[in-house]
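Below is the structure I would like to discuss, written out as structure tokens.
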Amino acid sequence: MIKLKSLQMQIKINNIRRAKSGPVLIFTDLDGSLLNHDDYSFEAARTALLMIRQLGIPLILCTSKTRAEVEVLRSELDMDDPFIVENGGGIFFPASYRGFHIPEAVHRNGYRMIPLGAPYPLVRIVVDHVRQHFPLRGFSDMETAEIARLTGLSVEQAAMAKKREFTEPLLLNEDVGKDDLLTPARAAGLRLVRGGRFWHLMGEGNDKGTAVELTKSIFQRHLSRPILTIGLGDSPNDFPLLRNVDVPVLIPHPDGEYETFDLPRIVKAPQSGSKGWNAVITTLLGELVRNGFSTNHE
Ligand SMILES: [Mg+2]
């Protein structure tokens, strides 16, 4: 109860009233946020997901996962909203989503896609170059069964995780591998980001924050009133996402510890994974509705 009250206070500090009845967008990380770190379940977030659906709020998945993985989850969630894959490598809008006009997008696999990252073959060229001299392994170098064992994913899910378009998850020894990789990576216009279990090698423009900004701007130009954005994440690779939303929500790790992240007005979820996600979203949307929000439709 104390935790819930403190959560409501944190949300009030975010001055939700300024949203009035304007449209809302929610951006969320998946692993360790909407999905539990250990069992990848979103069952505990069912109430919040139902509220989001009833209020017509787009839920934009923003993850290090691949398009193939996100497509499976979207069908489980029964969702048709746009999504951001591979740490901001690409933004995918369903082909006829809300009649949106998106001239910056290219057509790919039935979506309108905005690429922000480098093409995967370029990323692999750098990995293969570094691998000649240093111990370093990416998903491309692993059998599906090994990826399953390392991640806790099923073999079927691991096969989806192997279908890369923009980034490569890497296992590397921090003492040796990181610096040896950084120099050739930078020379190729790539950068290295730490995720929950792996490091991720990606293009310079490959960024969750840029992807959030761009997605918001595409929604905003089709809506007359200012959008309120909510973002949820648990790891350093979510910091750009959290910096680019009006209400940033930090989810703790399963041990209860939060990443050190100094951002004004950050809301700290009371529990890890889908339980914490559910607590914050139900409280936040309840507060919005009390302040006059009805639906996202204008
Ligand atoms: Mg995460």
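What follows is calculated from the coordinates using simple rules that are stated; it is not laboratory data. Because the structure is a prediction, the values reported are computed rather than measured. Glycine also receives a Cβ, built like all others from the backbone with ideal geometry; neighbour counts cover every protein chain displayed.
With n ≥ 4 as the cut-off for DSSP H runs, can you work out [θ] at 222 nm for the chain, using -39500 (n - 2.57) per run divided by the number of residues, rounded to the nearest 500?
So the helix-based figure for the chain works out to -10500 deg cm²/dmol.
Sort 75, 274 so the one with the fewest other Cβ atoms within 10 Å of its own Cβ comes first.
Numbers: 75 10, 274 25.
So the residues, fewest neighbours to most, are 75, 274.
Further question: In degrees, nearest 10, range 0 to 90: what is the angle between the Cα axis of helix 67-77 and the longest Cα principal axis of the chain?
30
May I pose another question? If you take every DSSP beta bridge whose two residues both sit in the chain, what share of them, in percent to the nearest 5, is antiparallel?
In the chain, DSSP labels about 55 percent of beta bridges as antiparallel.
Still on this model: Exposure proxy check: 208, 216 ranked by fewest other beta carbons within 10 Å?
216, 208
Where in the range 181-197 does the amide nitrogen come within less than 19 Å of the point 7 Å from the Cα of residue 255, taken along Cα to Cβ?
Counting backbone N atoms under 19 Å from the label point, the list is 194-197.
While we're looking at this one, here's another question. Full-extension gain between residue 243 and residue 224, please, as 0.36 nm times their residue separation minus the C-alpha to C-alpha distance.
Net length gain for the segment: 4.5 nm.
Continuing with the same structure: So if I take the centroid of the Cα atoms in the range 95-123 and the same for the range 48-78, what is the distance between those two points in Å?
For the range 95-123 versus the range 48-78, the Cα centre distance is 18 Å.
Apply 1/(1 + (r/R0)^6) to the Cβ-Cβ distance of residue 53 and residue 125, taking R0 = 35 Å, and write down the FRET efficiency to the nearest 0.05.
0.25
Still on this model: Among 85, 155, 245, which comes first, second and so on when ranked by fewest other beta-carbon atoms within 10 Å?
Least crowded to most crowded, the residues run 155, 245, 85.
Ok, one more. Please give every one of the aspartates and glutamates within straight-line cross-link reach of residue 268, meaning a C-alpha to C-alpha distance under 13 Å, and leave out same-chain neighbours fewer than 8 residues apart.
Straight-distance partners of residue 268: 234, 257, 259.
Okay, moving on. Using just the C-alpha positions of the chain as equal point scatterers, what log10 of I(q)/I(0) does the Debye formula give at each q in 0.16 1/Å?
One equal scatterer on each Cα of the chain leads to -1.32.
Below 17 Å, Cα to Cα, which aspartates and glutamates can residue 162 reach? Residues fewer than 8 away in the same chain don't count.
The reachable aspartates and glutamates, counting only those whose Cα sits under 17 Å from residue 162, are 31, 69, 71, 86, 128, 141, 143, 146.
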